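Worksheet: the structure to be examined is printed underneath.
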Amino acid sequence: MSATAPDKEQIMTELVNETEVSLLECKVCFEKYSQKKKHRPRNLPCGHVICLECVFSLAHPRNFRLECPFCRRACKSSETSDCLPLLHLIEILSPATNMPLASRTTTGTGDETAVSASLGLTFSISFGGWGTLVNPTGIAMCQRSGCVAVAHDGKKRIKLFSLSGSCIQQFGERGVSGNDIKYPIDVTVTLDGHVVVTDSGDRSVKVFDFNGRGKLVIRESFCLPWGLDTTPENEIILSDPEAGALYRLTANFKKGELKKAQKIQSNLCNPRGVAVSQISGFITVIEHLIAKGPNYSSTRMKIFSADMKLIGQMDSFGLNLVFPSKIYATAVAFDREGHIIVADAYNQAVLCLGKPEEFPVFRPIIIQGLSYPVALTYTTNNSLLVLDCGDHSIKVYTAS
């Protein structure tokens, strides 16, 4: 006798539930997958999926190698990756995942929960886009005016925006004269409102006022000036990847007078992104480590005190022990409370690594909506601006 309509509906419901259980549980420990670290679904290079806890349980404690429990193919734990289709399915099926990300990525202590809540961000607005911006590379906030300065590859190399997205000013012609900008890499704004740009085209640092008038060109035998940020003392910290060094530039920007260009750190490995805490003066820099073999380069974070004593460091491998995915840092910033914030191009995410004294912790704060984040900056009210080179835009996330 054929099943009635309610019977068919019940059978289909049972089949869906059985399929869900089969898909969403680890076939090694039979625990249900979740978005939490312990039971996150992980792709093995062979294509099979097991949870992160089983990856760590099966991996050798010294060389981190394991064999797939199903096909016996060998791999390293660092070669596993998040199974995004299963994570997306979990997010769809689980109402708990509709909570803000910062609320569900804590590790359990009350202090961390409070910190994560303070890092809660809500997407507010996106502006720019192809044509308005062309392959943007650097972003900075002017704390005096509330304007956003962006370095890009357009006809006018520097654009100033309001936080609503309207273009207020643009300057910096592409050319060969002293105040022209050939290939801008990064930009910062001094405390007295001067725009400072690294120009890889002629290996210089160029200073403009907010009307685009050139005030100063600094060469000082730089090999390749790259990252920039402003200190609480209105000095400039500059990275030079070819020289493997950090510089401190002291100047009277209004008069256009360079007072001192001092190398404050050497023997770094390809340093690029740099950020200075406006609270403590601490400096963090991203080194790009050239890898041998099929993998492209990895990155390393170094944190220095204001007097350039090394406080801590962590490379991609070390971060991989904290977070179960490869991390490729493209930009770094300090928020207004002193947390280290990193743009991760590999995972298309923005991460919080904690304050220097607790570095490194790991708290994702943006995990969707980004294509290729290349630069970060904060407003005075602790809203985060992400420069996304993937769609040539600026994305604004307001503090919850």
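What follows draws every value from the coordinates through simple rules; no lab data is involved. Here the structure is a predicted model, which is why all the values come from computation and not from measurement. A quick note on method: Cβ atoms are made from the backbone with ideal geometry, for glycine too, and the neighbour counts reach across all protein chains shown.
The table below lists the values:
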read-out: Backbone HN-Hα couplings from phi across region 143-158 [Karplus 6.51/-1.76/1.60, Hz, Gly and Pro as x]; value: 6, 6, 9, x, 7, 10, 9, 10, 9, 8, 9, x, 4, 9, 6, 10
read-out: Backbone HN-Hα couplings from phi across region 371-379 [Karplus 6.51/-1.76/1.60, Hz, Gly and Pro as x]; value: 10, 8, x, 10, 7, 9, 7, 10, 8
read-out: Other-chain or far-sequence residues with amide H under 5 Å of A243's (modelled H); value: C223, L224
read-out: Separation in nanometres of the label points that stand 7 Å from Cα toward Cβ, at S177 and I290; value: 3.8
read-out: Distance violations [Cα-Cα > 31 Å] among K159/K260; K32/K326; K32/K302; K27/K302; K76/K263; value: K32/K302; K27/K302; K76/K263
read-out: Under 12 Å from the Cα of K254 - aspartates and glutamates, other chains or at least 8 residues apart; value: D192, D209
read-out: Lys, Arg +1 and Asp, Glu -1 on Cβ, resulting dipole of region 219-272 about Cα centre, debye, nearest 20; value: 180
read-out: Amide hydrogen neighbours beyond the local backbone of G154, cut-off 5 Å, H modeled; value: V134
read-out: Sorted largest first, extent of region 198-277 alpha carbons per principal axis (Å); value: 36, 28, 19
read-out: Reachable aspartates and glutamates, given that their alpha-carbon falls under 12 Å from the alpha-carbon of K36 and they are not under 8 places away in the same chain; value: E53, D82, E91
